[in-house]
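See below for the structure under consideration.
Derivation of every value follows stated rules applied to the coordinates shown; laboratory data play no part. Just so it is clear, the model here is predicted, and its values are computed rather than measured. Cβ sites come from the backbone with ideal geometry, for glycine too, and all protein chains shown count toward neighbours.
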Amino acid sequence: MSDPRAPLRILMSQQSIDRWGASLAARMGPRPYELMSWEAATAEQRTDADVAFISREVTGTSTKHEIHPALQRIYALLRQSPDLQWVHIHSAGADRQIYLDLLARGVQITTSSGANAQVVATVALAGMLALARRFPLLWAEQQNRQWIPMMGARMPRDLPGQTATIVGWGPIGQKLGSLLQALGLQVVVVRQQLAAPHHPLCEGVEMVTFESWTQVLPKTDWLILACPLTSKTRQLVNASALAVLPQGAHLINVARGEVVDEPALVSALQSGHLSGAFLDVFAHEPLPSDSPLWAMPQVMITPHAAGHSDGNETRVGQMFLDNLRCWNEGVALCNSVV
């Protein structure tokens, strides 16, 4: 926490200042502060910010692999700001290199984990249902004006009784788990540590740790990734893991592309070992136009959009404002990256 007697210099987009300025004033109380827009700060090369709020419109259409010049200038400003103490970001994950660099020098990073959990869980479920009901196949046949009954080998399997293994048990995984249980699926959870017996998180699910997760893969019909990118999860779903899945299993990835060995995934899909995949994230974003995933009829691709919804801006802004109050009161911040 900075000196409460000194004005707190807060970097935000002009859009956020316009929307949240009055609410921010209420959180600040008597403490003096200065709001600095990213637009003005980059133009004037101001490097005296104490706090920064990176809302969705700040990162815009940049990805962590392809950063547009305007965002590059913002990142440079952050790196050159010696008094920067805390940055709140709109995303649930903090694996962009800029955040890793700031963390390494002692800047506190807080995320908006949970803001879009319901949205992402719903999108993951939609992808799963579309694959389960063979919508990609049916859409292709619609384009060709083909009427082919779903009988014989084309008959979809009942979802009740199938097993979904969810990797990651944060807000997204927990919401998705409850949705899948309501549909009659058996849910297995892979997380860092097992919950204590009779804990509410354990109710109705089987839990395993990353150290033993491959033991549940042979019974996994749906492998669903909803975990952060860490040293433990990077390339977690590799050729060996994919080979242990039963013939005809499916993959849903709303986590990070680097959790999956993408060439190994392509091979498993091409061989028919995996029946299909719903992929919202990729090893490199945007997904290169020459990726074989684009042309696979059993693969559904979305442009890292699972978390996008028109209510997210409000939820993220409220998280920042709540943390700002904690900051001024000297209370621990929520969703702090460790």
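With the highest mean first, a sort of the peptides 122-128, 176-182, 67-73 on other beta-carbon atoms found within 10 angstrom per residue produces 122-128, 176-182, 67-73. Contact order for region 155-257, expressed relative to its length and based on alpha carbon pairs under 8 Å spaced 6+ residues apart, stands at 29 percent. With equal scatterers on the alpha carbons only and no solvent term, can you work out the Debye log10 of I(q)/I(0) for region 13-160 at 0.10, 0.19, 0.20 1/Å? The calculated log intensity ratios at q = 0.10, 0.19, 0.20 Å⁻¹ are -0.54, -1.21, -1.31. Computed about the Cα centre, the dipole magnitude for the chain is approximately 380 debye when only Lys and Arg (+1) and Asp and Glu (-1) carry charge, each at its Cβ. Only DSSP H runs of four or more residues enter the estimate; each adds -39500 (n - 2.57), and after division by the residues of the chain the mean residue ellipticity at 222 nm equals -10500 deg cm²/dmol. Translational diffusion coefficient of region 155-228 (Stokes-Einstein, Kirkwood radius from Cα pairs, 10 °C, 1.306 mPa s): 128 µm²/s. Whole-Hz Karplus values for region 154-168 come out as 8, 5, x, 7, 4, 6, x, x, 6, 10, 10, 9, 9, 8, x Hz, taken residue by residue from phi with 6.51 cos²θ - 1.76 cosθ + 1.60 and θ = phi - 60°; glycine and proline positions read x.
Divide, for region 117-301, the radius of gyration over alpha carbons by 2.2 N^0.38 Å, where N is the residue count.
Values: Rg = 16.2 Å, N = 185, 2.2 N^0.38 = 16.0 Å.
Expressed relative to 2.2 N^0.38 Å, the Cα Rg reads 1.01.
Basic side chains Lys and Arg get +1 at the Cβ, acidic Asp and Glu get -1 at the Cβ, and with that the dipole of region 117-301 about its Cα centre reaches some 300 debye.
If you wrap the Cα atoms of region 59-124 in a convex hull and average its projected area over all directions, you get 5.0 nm².
Note on the chain: dipole from Cβ charges, positive end direction compared against Gln143, Pro32, Ile98; the farthest Cα belongs to Gln143. Alpha carbon centre of region 157-209 versus region 63-124: separation in Å? If we compute the Cα centre of each part, the gap is 29 Å.
Of the three principal axes defined by the Cα atoms of region 107-174, the extents in descending order read 58, 30, 16 Å. The coefficient of translational diffusion for the chain, derived via Stokes-Einstein from the alpha carbon Kirkwood radius under 25 °C and 0.890 mPa s, stands at 113 µm²/s. Among the chymotrypsin sites (Phe, Trp or Tyr not before Pro) in region 254-338, none sits in a DSSP loop with a Cβ that has at most 12 other Cβ atoms within 10 Å. Start at zero, step by 5 Å, and the Cα-Cα distances of region 1-94 spread as 3, 13, 24, 26, 20, 10, 3, 1, 0 percent across the bins. In the chain, taking the dipole from charged Cβ atoms about the Cα centre, the farthest positive-side position among His273, Ile89, Trp20 is held by His273. Here region 242-338 is described by how far its Cα atoms reach on the three principal axes: 58, 28, 20 Å, from widest to narrowest.
Positive-end ranking of Ala255, Ala49, Ala126 along the dipole of the chain, with charges on Cβ about the Cα centre, is headed by Ala126.
Normalising the average separation of contacting C-alpha pairs (under 8 angstrom, six or more residues apart) by the number of residues puts the relative contact order of region 236-338 at 23 percent.
In the chain, Cα pairs under 8 Å separated by at least six residues give a relative contact order of 17 percent.
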